[in-house]
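Novice: My questions will all concern the structure given below.
The values are calculated or read from the model by the stated rules, or taken from the named source; none is laboratory data. All values derive from a computational prediction rather than experimental measurement. Heads up, the Cβs are rebuilt from the backbone with ideal geometry, glycines too, and the neighbour counts pull from every protein chain shown. Each accessible area value is taken on the protein alone, full model and side chains, heavy atoms only, with ligands, DNA and RNA left out. Shrake-Rupley method; radii C 1.70, N 1.55, O 1.52, S 1.80 Å.
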Amino acid sequence: MKKYKISNDKGVSAEIISYGAIVVSLTAPNRNGQLEDVILGFDDLASYEKDNTFQGSIVGRYGNRIAGGKFSLDGKVYQLNLNDGPNHLHGGPKGFFKVIWDIEQLDSQSVRLTYVSPDGEEGYPGEVKISVVYTITDDDALRIDYYGTTDRPTILNPTSHCYFNLSGTPKNTILDHELMLNADFFTPIDEFSIPTGEIRPVAGTPLDFREPKPIGRDINAEDEQIKFGKGYDHNWVINGKPGQVRLAATVYESKSGRLMECLTDQAGLQFYSGNFLDGSLIGKGGIRYNYRCALCLEAQAFPDSPNKPHFPSVVLRPGEEYRQTTIYRFSVR
């Protein structure tokens, strides 16, 4: 395993390892200028190898869920490995987050990781070559650029699975973090967390984050969607045009003053409120990762898109290039 550190001249930094293309640390200043790590993770490789919560990793080939692990492409049905009850989740039990990537430092602010996923890996067709470039920008952002090609028609929808806590310590929950999601619609789920296919307005529901509000305000609402997700674990339809980088979300933590903006060119954003963290993971510094001590903002196409023709296409064909840009930008107020 190799590890590289990238940083800007203000000291904002990230550490990246070749295992799982994992971001193991990401520092951002509070309003007093103090740099603190704002993502969860572990102090040793063995813990990442045992982890099944996708801490800090690039997941794929397909981020999020595929119902029954099945999809049809060009008239052929493919069966993927199941790792989420009856579903396929985040690329399967040995997806991108469980492999060693090639890693090279491009300069003091950037690293590039590359992985060749063989034909048939986890059940997916085609050999896929994927590269991910992490950059710490001059304006205090972690920028993630993805590039992918294939030798056979396939599906590709990777995403970053960093767990954020802007307070500076995961001893605190994220329930008082104020979240804004730039989305008028979301994709409702069934009891297996699979989208029903409906694209529903957020208005009048606990999933309305068009104006910033504390994550904890409606997280235990008497609402079928909240019960199915055991809190928030849903895909929002980001306003604006997919393919153009635009603001998807903001997160603000008042005690530290940290503000994080998430910008992406993707159609959807999965907001997950750490509902399955249960105190069984011991993380950095021996801190126990308790219930809802972190949140994820996963930019991607919609869950189960291969089985929903009206959802954004995730099909990649020979001669095409998959591209994605997602940015997590930090400031204070």
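Novice: Of the heavy-atom accessible surface of the chain (probe 1.4 angstrom), what whole percent is carbon and sulfur?
Specialist: 49
Novice: I'd like the distance separating the alpha-carbon centroids of the range 91-117 and the range 1-65, in whole Å.
Specialist: 13
Novice: Please give the FRET efficiency for Glu222 paired with Ile287, using the beta carbon to beta carbon distance and R0 = 41 Å, rounded to the nearest 0.05.
Specialist: About 0.80, to the nearest 0.05.
Novice: What share of all Cα pairs of the range 1-158, in percent, falls into each consecutive 5 Å distance bin?
Specialist: 2, 9, 18, 19, 18, 14, 10, 6, 3, 1, 0, 0
Novice: Please compute P(r) over all alpha-carbon pairs of the range 195-333, binned at 5 Å starting from zero, and give each bin as a whole-number percent.
Specialist: 2, 9, 15, 20, 20, 17, 10, 6, 2, 0
Novice: If you take every residue apart from Asp139 with its C-beta less than 14 Å away from the C-beta of Asp139, what net charge results, scoring Lys and Arg +1 and Asp and Glu -1?
Specialist: My count for the surroundings of Asp139 gives -1.
Novice: Hey, what D do you get for the range 128-224 in µm²/s if you plug the Kirkwood alpha-carbon radius into Stokes-Einstein at 25 °C and 0.890 mPa s?
Specialist: This corresponds to a translational diffusion coefficient of 144 µm²/s.
Novice: Can you tally the net charge around Asn8? Count Lys and Arg as +1, Asp and Glu as -1, for every other residue whose Cβ sits under 15 Å from the Cβ of Asn8.
Specialist: -2
Novice: Work out, step by step, the length gained on full extension between Asp145 and Lys241: first 0.36 nm times the residue separation, then minus their alpha carbon distance; give nm to one decimal.
Specialist: So the chain would gain 32.7 nm between Asp145 and Lys241.
Novice: Can you tell me the alpha carbon radius of gyration of the range 252-305 divided by the globular rule-of-thumb value 2.2 N^0.38 Å?
Specialist: 1.42
Novice: Suppose each label sits 7 Å from its Cα in the direction of the beta carbon; what would the Arg333-Asp208 distance come out to in nanometres?
Specialist: Calculated label separation equals 2.1 nm.
Novice: By how many nm would the segment from Asn307 to Asp74 grow when fully extended, if each residue of separation counts as 0.36 nm and the alpha-carbon distance is taken off?
Specialist: Computed gain between Asn307 and Asp74 is 82.6 nm.
Novice: Another question, then. How much accessible area per residue does the range 182-333 have, in Å², with a 1.4 Å probe?
Specialist: Normalised by residue count, the accessible surface of the range 182-333 is 41 Å².
Novice: Can you list the lysines whose alpha carbon sits under 23 Å from that of Lys3, skipping same-chain ones fewer than 8 residues off?
Specialist: Of all the lysines, those that pass the test against Lys3 - Cα under 23 Å, at least 8 places apart if same chain - are Lys50, Lys94, Lys98, Lys129, Lys284.
Novice: For labels at Leu45 and Thr137 in the simple 7 Å Cα→Cβ model, what's the distance in nm?
Specialist: So the two model labels end up 3.3 nm from each other.
Novice: Send over a whole-number figure in Å² for the accessible area per residue of the range 38-132, probe 1.4 Å.
Specialist: 38
Novice: A further question on this structure: Mind checking Rg over Rh on the chain, alpha carbons, Kirkwood formula for Rh?
Specialist: My calculation of the ratio gives 0.94.
Novice: If the range 6-85 were replaced by its equivalent ellipsoid, with semi-axes equal to the square roots of 5 times the Cα gyration tensor eigenvalues, what would those be, largest first, whole Å?
Specialist: 36, 14, 11
Novice: Convex hull over the Cα atoms of the range 196-241, averaged projected area in nm²?
Specialist: In nm², the orientation-averaged hull projection of the range 196-241 is 3.8.
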